[in-house]
Amino acid sequence: MKKFGRKRVLETVFLYCNKHGDSEHVLAGIKFKKWKCCACTVDYSAVYRKKRKKMAVDYKGGKCEICGYCRSIAVLNFHHTDPLLKEYNLSGTGLCKKWKTVAKELDKCQMLCFNCHHELHEKIDADHKISIQRKPTHYGRKQIHEINSRKLGRRISP
């Protein structure tokens, strides 16, 4: 729930819509209050997001940069090459921002198909696991007890 600013939903009521029949409507608008069908708003948003994804895919070349897959837009993902430079996620509502902002974020990304994207992440995760692994030590129980006692600031028990 929003803490500050004007309330988004003032009042809801079930009214008739040509497309959805009896459905929930919201009294919305800044200057002029108007009843809007919630289901129509959701449909419009979905269509708008698909249109923006199509624009983003066309902007990046229209195919996977590794294998060249281009049959379905739904399968194509945007992979940030450097996660530290990432300002926001492009999935979901990230594509609904101003096009100039979206294009700037797309320049930091690679367009990959679902399979290539997951293979790349699997490789990155495996490399990360290897880099953080320590070499196993061959201490005995007594030596481990001494090390841990020193770290805890306790006397070594016999």
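FYI, it's all coordinate maths here, none of it is from the lab. Computed from a predicted model, the values in this text were never measured in an experiment. Here the Cβ is made from the backbone with ideal geometry for all residues, glycine too, and neighbour counts use every protein chain on show.
Structural remarks
- Projecting the Cα atoms of Gly68, Gln143, Ala126 onto the charge dipole of the chain, computed from C-beta unit charges around the Cα centre, puts Gln143 farthest toward the positive end.
- Most fluctuating residue given options Thr137, Thr101, Thr81, as computed from a GNM of the chain linking Cα atoms under 10 Å: Thr137
- Shape call, the range 67-158: gyration tensor on alpha carbons, a/c limit 1.5: prolate
- The chain, relative contact order in percent, only Cα pairs under 8 angstrom and at least six apart counted: 15
- Think of each Lys and Arg Cβ as +1 and each Asp and Glu Cβ as -1; about the Cα centre, that makes the dipole of the chain roughly 780 debye.
- Just so you know, the Rg over Rh for the range 1-121 is 1.10, from Cα atoms, with Rh as the Kirkwood radius.
- Derived scalar couplings between HN and Hα for the range 60-67 equal 8, x, x, 8, 5, 6, 9, 9 Hz in order, rounded to whole Hz, by the Karplus curve 6.51 cos²θ - 1.76 cosθ + 1.60 (θ = phi - 60°), x for Gly and Pro.
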